[in-house]
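Read-outs: derived from the displayed coordinates by stated rules, not from any lab. Please read these numbers as outputs of a predicted model, since none were measured by experiment. Please note: Cβ atoms are built from the backbone with ideal geometry, for glycine as well, and neighbour counts cover all protein chains shown.
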Ligand SMILES: Cc1ncc(C[n+]2csc(CCOP(=O)(O)OP(=O)(O)O)c2C)c(N)n1
Ligand code: SF4
Ligand SMILES: [Mg+2]
C-alpha cells in the first residue's frame, strides 16, 4: 500500500506474544486465526492458543464472556503459546480485567476507548476506570477509539450500526498486521470469499482492516514508535500450512486408513467439547473413505465403532471427559473380543463436567487402567498439533496390527492449538496393510499370530469363516465359550502379553533435549512438550545438567525407559494433573520420580518448569 | 473346519444351527424361537456368510452362539449400536438383533429408540418374557404391575412399557408380534420382517419356565386362543373367535376399537375395521388391545417402508465421492488456502 508518510524505523524482535481478547461476540478467534495465517505466510514459526468461554452466549461485557486468542511467533523455534504476553489487545474492560495479569511488565496494551463506558466498566467489575486510575502505569497503553475509527471507516458501506460495530475486530487486526509488518492480502481474499453473498459486509470488513493498517502506517501511530520486524524462522524447505491438533488427527486417521489398506473408516461420536470439532472436521471428508455417525450417546458411538471393526472397517470414536467414562464398558468388550479400535480422548478439566474448554492431562490413569478387570490396551499421547498427525497414524497401525483398542490422548489445548506444519510426502509414510483372514482351513476366531499374538481378523461376508465372538471368556485353542479356570488365566496372560509385546515394535525412548544420563530427567507426555522443552533448554543454558524425555507411548512404555530413567539422579514429572504419570513410573520402575503438578485449566509456563528443575 | 460348498437354496433349517450345545433351561420358549429363526432363514435362503446375528446380554442374547452364521454377543443393551456400526461398515450384510425385554427396553431402551427412528435395516427380535431371566427372575420393564420377584417381593408398583407401542412411538416402520409356541405364525412373521427393508421390530411373547411360567397363559393357552388372539392380515377384516364370529369395529364417534359379534344387533362384516398395515393410527390402537376385554393382536401390525439409514448415509457419502478410488490425500492437505512454500 502506498503511503505518503514515512514509517519510523521498525525495531527487531526474536519472538512476540500477542493476545487478542474481547467479548465472545467480538470475533477474537477469527482475528487471531487470521493473524496466524498472515504470520505463517510471513515465514515465522508460531504456536497459537485459543481460550474461549464454555458459555455459548455469555452476557456481553462480563468477565466470563471473555474470549481470547494468543499467538506466539518468532524467528526462532517457537514451542509454546508463550508464558507472558507482550501485546494485549483488549476490546472491552472485561477483557482487560481478565487478561492483564498475563501481560509482562513494560508490555503494550491496546484498548478500545469506545468500549470503556461506565456501563461496561461496571459490568467488568471495575470501581474506577483503569485507564485513568494509574493501574496501568507499568505498561505502555495505546488508547484508541477503535469503535469510532471503525464506524468512520465503514460509513460508506451503509451497514446498520450493529453490523458496522462488528467490524471492530478487523480494524484491530489491521493495526496489529501493520505493527508487525505483515501482509493482509490473504485476509482480504478470505473476507471477500466469506461474505461473497453480502458484498457490502465484505467491503466494510476490508475497509476496517485497511483503516486499522493505515492508522499505524500514518503519523498517528509514530509517536509510540511501535513498529516491529520479526525475521523469518529458519525452517526446512517444503510446502507448509498451519494445522490444529484436531485437523492433524483427522488427516492422520485418513492417512492411517490408507496405510492400513482399509476401504472405510466409521467415525462415530457424540457432541462434546472439545472433541466435537474432530467429528465436524471428518464429517466433510466423506470423499476420503470416512463415514461419520453422530450417535445418540457415547456408548452408542463406541458401539458403532466396535461393530464397524467387527465388520472389517476401521472403527474410530472420539470424546472427552464424561464421554470417556461412558465408553468404559464397550472398551472392555473390544479388549475381550480383540477388535481394532481407535479412541481419541481430548482431555479436559474434571471431574464430571469440570471445565469443558480447559485442558488437563488427568485421564491418563483412566486410559491405562480405568476398566473393570485386567483389561490392557495401548495408550498413545500427542505432543504438539503437528505430532497429532503421526500419532493418529501410529494408533491405526497398532490397533490393526495387534487387534486392540488404542486410546489416543489429546487435550483441549491441542484440539485448538495450531502451528505451521510441513506437509509430509504421503507416499513416504509407512504402510501396514491389513490382511484379513480368508482361509477356512484351521480357522477359529482366536487363532493368534505367533509373533504379535494378534487374533485373526475375519470379516463377515467371508464364506467358511462364520464365527461367533462376544464378551464371555473363550477357549484359547478353539475360541468357544469357556469358564475353565486355567484357560481364563491363560487368556488373561495372552491379552497382557499381546499389549506388552508392542514395546518390541515401537522406537526406543529417546531424549528430546540433553544427554541420556545426568542430574535431572524431566519426563513429560502430551501437550506439555513445548513448555518442558524450553524449560530444559533454559536450565541447560544456565548450567543445569537437565534432559527432556517426552513419552509418546504410555502403554506399553518403550522397553528401555526404566533403564534410561535410572541413569538420572532425579526424575521430575511435570503434568497438568494431580500426579498420574509419576505414579505409573514409580510403580513400574521403582524410580523416585517426583511430580510437578498444575491443575488450573491452563498450560504450564516455561518459567514454572524451569524453576522446578533448578 | 471344512469349507462349505452347498448352495444357499439347499440349506435346511438345521444348517443354520451351530455345533454348540444349547444351554437354555429345558422347556424355555427360546428353543422354539431358535427353531423358528432357523426355519425362517432356510425359507428365505439366507446366506450364512452374509448373515450376522448380534445380541446384548440375557438368556435371549445367547442366541448367536447357536447359529452357524456370523455372530456377536455384545454387552447389555447395546446390540442396536453395534449392529448400526456393522451396517454402516457393510450395508450388504444381513443383520439380526436378538434382545430381551430388559436388554432392549431397560438398559438399552435409548439405543432401541434411536435404531428404530433411524430405520437401520435390521431384523430386531425382542424376546419378551416379562422378566429378567439370566439374573434370576427380577421384574422387568414389561412386567405387569404387581409382579412378585426377588427385587419386588410385595409386587411391583410401576407401570410397564408396551414393547410395540414403544416401537411405534419411536418411529418404527415395521412392527409385528408373535408367540414362541405359534411356530408357523412366528416363522411367517420373521420372513416378513426379513423382507422388510429398514428396521423391523418383532416382539415375541416368550415363556420363561423358571421365573415367569405361564405369564402369557391368558391368551396363549391352546383352548381359548381363538378367542383371545386376533391374527391381523393386511386387507382383511379384524375377525377372531373360535367361530370367527367376533370382530373389531370403531366405536361410532370415538377413536376407539370395540368388540362386536357378527349378526348380533345387525353387525355385518362390512362394519368391521379392515386391517391396513400402513396405517400408523390403527397400529397404535391394535397394539394397545389387552385381555380380558380384547384379544391380543398378533401378526404384522404395521409395515410402511422408507429408505433405510445406512442406505441414505451411503448414498450421501457416494454423492460426495466416497467409494470412488480414494482421492489423493495430498490434495486435501494442499488444497486449502493458506499453504506457503519454503525453499
Ligand atoms: C451392564 C450390565 N448390567 C447388568 C447386567 C446383568 N444382567 C445380565 S442379563 C440382565 C437382564 C436380562 O433380562 P432380559 O433382557 O429380559 O433377558 P432374559 O434373560 O430375560 O432373556 C441383566 C440385568 C449386565 N450383564 N451388564
Ligand atoms: S431362565 Fe427363563 S428365559 Fe432363561 S433360559 Fe431359563 S427359562 Fe429361558
Ligand atoms: Mg426377559
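Using a Förster distance of 45 Å, how high is the FRET efficiency between residue B:319 and residue B:158, based on the Cβ-Cβ distance and rounded to 0.05? Efficiency for this residue pair is about 0.45. Coordinate range of the alpha-carbon atoms in the stretch A:482-529 per principal axis, descending: 52, 21, 20 Å. Computed on the Cα trace of the stretch B:20-62, the radius of gyration divided by the Kirkwood hydrodynamic radius gives Rg/Rh = 0.99. By definition, a body whose alpha carbon gyration tensor gives a ≥ b ≥ c is oblate when a/c is 1.5 or more and a/b is not larger than b/c, and the stretch A:133-239 fits this oblate description. Taken over the stretch A:1-132, the alpha-carbon convex hull comes to 139 cubic angstrom per residue.
Compute the normalised compactness of the stretch B:209-343: alpha-carbon radius of gyration over 2.2 N^0.38 Å, N being the residue count. Each step should come with its number before you reach the end.
Working: Rg = 27.6 Å, N = 135, 2.2 N^0.38 = 14.2 Å.
Relative to the rule-of-thumb radius for its length, the stretch B:209-343 sits at 1.94.
Its residues counted as N, chain B yields a C-alpha radius of gyration over 2.2 N^0.38 Å of 1.13.
Between residue A:372 and residue A:439, the FRET efficiency from the beta-carbon distance, with R0 = 25 Å, is close to 0.10. Note on residue A:578 and residue B:343: with the Förster distance fixed at 60 Å, the Cβ-Cβ geometry gives a FRET efficiency of about 0.80. Each principal axis of the Cα cloud of the stretch A:215-298 was evaluated for its coordinate range; sorted largest first, these ranges are 60, 35, 18 Å. Pairs of Cα atoms in the stretch A:425-577 fall into 5 Å distance bins, from 0 up to the last occupied one, in shares of 2, 8, 13, 13, 12, 10, 9, 9, 8, 7, 5, 2, 1, 0 percent. Between the C-alpha center of the stretch A:166-208 and that of the stretch A:34-74 there is a gap of 16 Å. Fully extending the segment from residue A:104 to residue A:422, taken as 0.36 nm per residue of separation minus the present Cα-Cα distance, adds 111.3 nm.
Compared with the rule-of-thumb size 2.2 N^0.38 Å for a compact globular protein, the stretch B:222-266 has a Cα radius of gyration ratio of 1.20.
Summarised in one figure, the compactness ratio Rg/Rh of the stretch A:396-510, Cα atoms and Kirkwood Rh, is 1.06. Here the stretch B:282-303 is scanned for amide nitrogen atoms under 20 Å from the site 7 Å beyond the Cα of residue B:254 along Cα-to-Cβ, giving B:282-297.
When each pair of different Cα atoms in the stretch A:146-305 is counted once in the 1/r mean, what is the Kirkwood radius in angstroms, to one decimal?
On the way: mean 1/r = 0.0517 Å⁻¹.
That comes to 19.3 Å for the stretch A:146-305.
Could you run the Debye sum over the Cα atoms of the stretch A:299-374, one equal point scatterer each and no solvent, and tell me log10 of I(q)/I(0) at q = 0.17, 0.21, 0.22, 0.23 Å⁻¹, two decimals? These q points yield log10 I(q)/I(0) values of -0.63, -0.90, -0.96, -1.03.
Each label was represented as a point 7 Å from its Cα along the Cα-to-Cβ direction; for residue B:191 and residue A:492 these points are 5.1 nm apart. Give me the percent of Cα-Cα pairs in the stretch A:532-603 that sit more than 18 Å apart, rounded to a whole number. Result for the distance tail: 42 percent.
Classify the stretch B:136-224: rounded, prolate or oblate, from the alpha-carbon gyration tensor (a ≥ b ≥ c, eigenvalue square roots; a/c under 1.5 rounded; otherwise prolate if a/b is larger than b/c)? It is oblate, given that a/c is not under 1.5 and a/b is not larger than b/c. In plain terms, if you count all Cα to Cα distances in the stretch B:76-200 and split them into 10 Å steps from zero, the share in each step is 13, 42, 32, 11, 1 percent. Sketch the reach of a paramagnetic label on residue B:151 as a point 7 Å from Cα along Cα-to-Cβ, and name the residues of the stretch B:59-103 whose backbone nitrogen lies under 15 Å away. Within reach of a label on residue B:151, which here means backbone N under 15 Å from a point 7 Å along Cα→Cβ, the stretch B:59-103 contributes B:59, B:76-77, B:100-103. Across all Cα atoms of the stretch A:61-219, the radius of gyration (one decimal) and Dmax (whole number) stand at 16.3, 47 Å. Once both labels are positioned 7 Å from their Cα atoms along Cα-to-Cβ, the gap between residue A:569 and residue B:209 label points is 7.8 nm.
Convex hull volume of the Cα atoms of the stretch A:12-78, normalised per residue: 78 Å³. In this simple spin-label model, placing a label point 7 Å from the Cα along the Cα-to-Cβ direction at both residue B:44 and residue A:11 gives a separation of 7.8 nm.
What is the projected area of the convex hull of the Cα atoms of the protein assembly as shown, averaged over all directions, in nm²?
For the Cα atoms of the protein assembly as shown, the hull's average projected area reads 47.0 nm².
Note that the stretch A:108-155, at 20 °C in a medium of 1.002 mPa s, gets a Stokes-Einstein diffusion coefficient of 184 µm²/s from its Kirkwood radius over C-alpha pairs.
Need one word for the stretch A:337-391: rounded, prolate or oblate. Basis is the Cα gyration tensor (sqrt eigenvalues a ≥ b ≥ c); a/c below 1.5 gives rounded, then a/b vs b/c decides. Oblate is the answer for the stretch A:337-391, as a/c is 1.5 or above yet b/c matches or exceeds a/b.
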